[in-house]
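> Sharing a structure, written as structure tokens. Questions coming.
Values in this text are rule-based calculations from the coordinates and carry no lab data. Small disclaimer: the values here were computed from a predicted structure and weren't measured. A quick note on method: Cβ atoms are made from the backbone with ideal geometry, for glycine too, and the neighbour counts reach across all protein chains shown.
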Amino acid sequence: MTVLLDIYYKLSHAFGPQHWWPGDTPFEIAVGAILTQNTNWGNVEKAIGNLKNRDVLSAKVIYEMPVHELAELIRPSGYFNIKAQRLKSFMNFLMREYHGSMKKMKSGETHLLREQLLSVNGIGPETADSILLYALEKPVFVIDAYTKRVLSRHCILDDGRSYDEFQALFHAILKKDEKLFNEYHALFVKLGKTFCRKSKSLCDTCPLSTFKKQ
């Protein structure tokens, strides 16, 4: 389905490089992937800023930190009590399996790492794949609401299909290249935020207007 590559080139030409995911380290990116659940990135940046200002943005420190203290620091991200528990679950996993090292985790096999991440309380497919792609540089395509919305509106795959079905489409057609997957997903996010909105979409001026009804 060459339309997937056509979409990528069209978006790349329209928006340019996205430099996503923002974060100074793989660990920070992983934390951000968990905090961004059900909130916008601006709120996540505030929460991560709190962790940095307290000099506690490390696996060992968060692992040892009381959960109520962690919850207060990440309060700007919303659902902070739930997310504090999820961060603690991730730290327990990271410390137990990889001695708190994202570098050691990165050396693992992609399929096994995904299974491990999905076994961590509060980490679903989108969060797991975001950590794999953006923090660990594994060639796994991330599916989110923006991706589903764009593809369904252009009649490529119905929005009601499963996460795995959407992901399989990209894995089957595109070369498994983490840089391509990284940039492509970021471009979907850009398109979804600026043109292909949930409501009040700007279809007439959208870079993909020529793909309509294909």
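> Can you tell me the orientation of helix 41-53 relative to the chain, as the angle in degrees between its alpha-carbon axis and the longest Cα principal axis, to the nearest 10?
The two axes meet at around 20 degrees.
> Within 10 Å of each residue's Cβ, count the other Cβ atoms and sort Met65, Met91 from fewest upward. The partial results should precede the final answer.
Details: Met65 19, Met91 22.
If I rank by nearby Cβ atoms, fewest first, I get Met65, Met91.
> So how strong a dipole does the stretch 1-144 carry about its Cα centre when Lys and Arg Cβ are +1 and Asp and Glu Cβ are -1, to the nearest 20 debye? Kindly include the intermediate steps, with their values, before the conclusion.
Values: 15 positive and 15 negative charges, 48 e Å.
With Lys and Arg at +1 and Asp and Glu at -1, about 220 debye.
> Once you sort the root eigenvalues of the Cα gyration tensor of the stretch 39-84 as a ≥ b ≥ c, which label holds: rounded (a/c under 1.5), prolate (a/b larger than b/c) or oblate (the other case)?
Numbers: a/c = 2.24, a/b = 1.34, b/c = 1.67.
It is oblate, given that a/c is not under 1.5 and a/b is not larger than b/c.
> Once you've got the GNM for the chain with C-alpha springs shorter than 10 Å, pick whichever of Tyr134, Tyr63, Tyr79 has the biggest mean-square fluctuation.
Tyr79
> I've got another one for you. Could you tell me whether the stretch 26-135 comes out rounded, prolate or oblate from its Cα gyration tensor? Rule is a ≥ b ≥ c as square roots of the eigenvalues, rounded for a/c under 1.5, then prolate if a/b exceeds b/c, otherwise oblate. The partial results should precede the final answer.
Numbers: a/c = 1.72, a/b = 1.40, b/c = 1.23.
Since a/c reaches 1.5 and a/b is larger than b/c, the shape of the stretch 26-135 is classed as prolate.
> Next question, about the same structure. Dipole magnitude of the stretch 159-214 about its Cα centre, charges +1 at Lys/Arg Cβ and -1 at Asp/Glu Cβ only, in debye to the nearest 20?
Values: 11 positive and 7 negative charges, 56 e Å.
Value, rounded to 20: 260 debye.
> Say the dipole of the stretch 1-151 comes from +1 at the beta carbon of Lys and Arg and -1 at that of Asp and Glu; which of Thr36, Thr2, His19 then lies farthest toward its positive end?
Comparing the listed Cα positions along the dipole, Thr36 ranks first.
> Separate question: May I ask which of Lys52/Lys103; Lys10/Lys179; Lys103/Lys179; Lys10/Lys175; Lys104/Lys175 have a Cα-Cα span longer than 24 Å here? The partial results should precede the final answer.
Numbers: Lys52/Lys103 20 Å; Lys10/Lys179 17 Å; Lys103/Lys179 18 Å; Lys10/Lys175 18 Å; Lys104/Lys175 26 Å.
The pairs that break the limit, which is 24 Å between Cα atoms, are Lys104/Lys175.
> For semi-axes √(5λ) of the Cα gyration tensor in Å, which listed value, (1) 32, 19, 14; (2) 34, 19, 16; (3) 41, 16, 15, comes from the coordinates shown?
(1)
> Could you tell me the calculated FRET efficiency between Val3 and Val56, based on Cβ-Cβ distance and R0 = 35 angstrom, to the nearest 0.05? Kindly include the intermediate steps, with their values, before the conclusion.
On the way: r = 46 Å, r/R0 = 1.31.
In this case the efficiency is close to 0.15.
> Any chance you could give the angle, 0 to 90 degrees and rounded to 10, that helix 80-98 forms with the longest Cα principal axis of the chain?
80
> Between the alpha-carbon centers of the stretch 15-79 and the stretch 94-151, tell me the distance in whole angstrom.
Going from one Cα centre to the other spans 16 Å.
> Now a separate question. Where does the chain land at 222 nm, in deg cm²/dmol rounded to the nearest 500, when only DSSP H runs of n ≥ 4 count, each adding -39500 (n - 2.57), divided by all residues? Write out the running numbers ahead of the final one.
Values: 12 runs with 126 residues, N = 214.
-17500 deg cm²/dmol, from helical runs alone.
> Another one. Which one of Ser130, Ser101, His154 has its Cα pushed farthest toward the positive end of the charge dipole of the stretch 67-214, where Lys and Arg give +1 and Asp and Glu give -1 at the Cβ?
His154
> Another question about this same structure. In nm, give the distance between the simple-model label positions of His13 and Ser209, each being 7 Å from the Cα along the Cα-to-Cβ direction.
A separation of 1.5 nm, rounded to one decimal place.
> If you don't mind, another one. Once label points are set 7 Å from the Cα along Cα→Cβ at both Lys198 and Tyr163, what is their separation, rounded to one decimal in nm?
1.8
> Return the FRET efficiency for the residue pair Ile173, Gln85: r is the Cβ-Cβ distance, R0 is 41 Å, and the value is rounded to the nearest 0.05. Intermediate values should be presented prior to the final figure.
On the way: r = 38 Å, r/R0 = 0.92.
E between Ile173 and Gln85, to the nearest 0.05, is 0.60.
> Which angle from 0 to 90°, rounded to the nearest 10, does the C-alpha axis of helix 163-173 make with the longest principal axis of the chain?
Long axis of 163-173 versus the principal axis of the chain: about 60 degrees.
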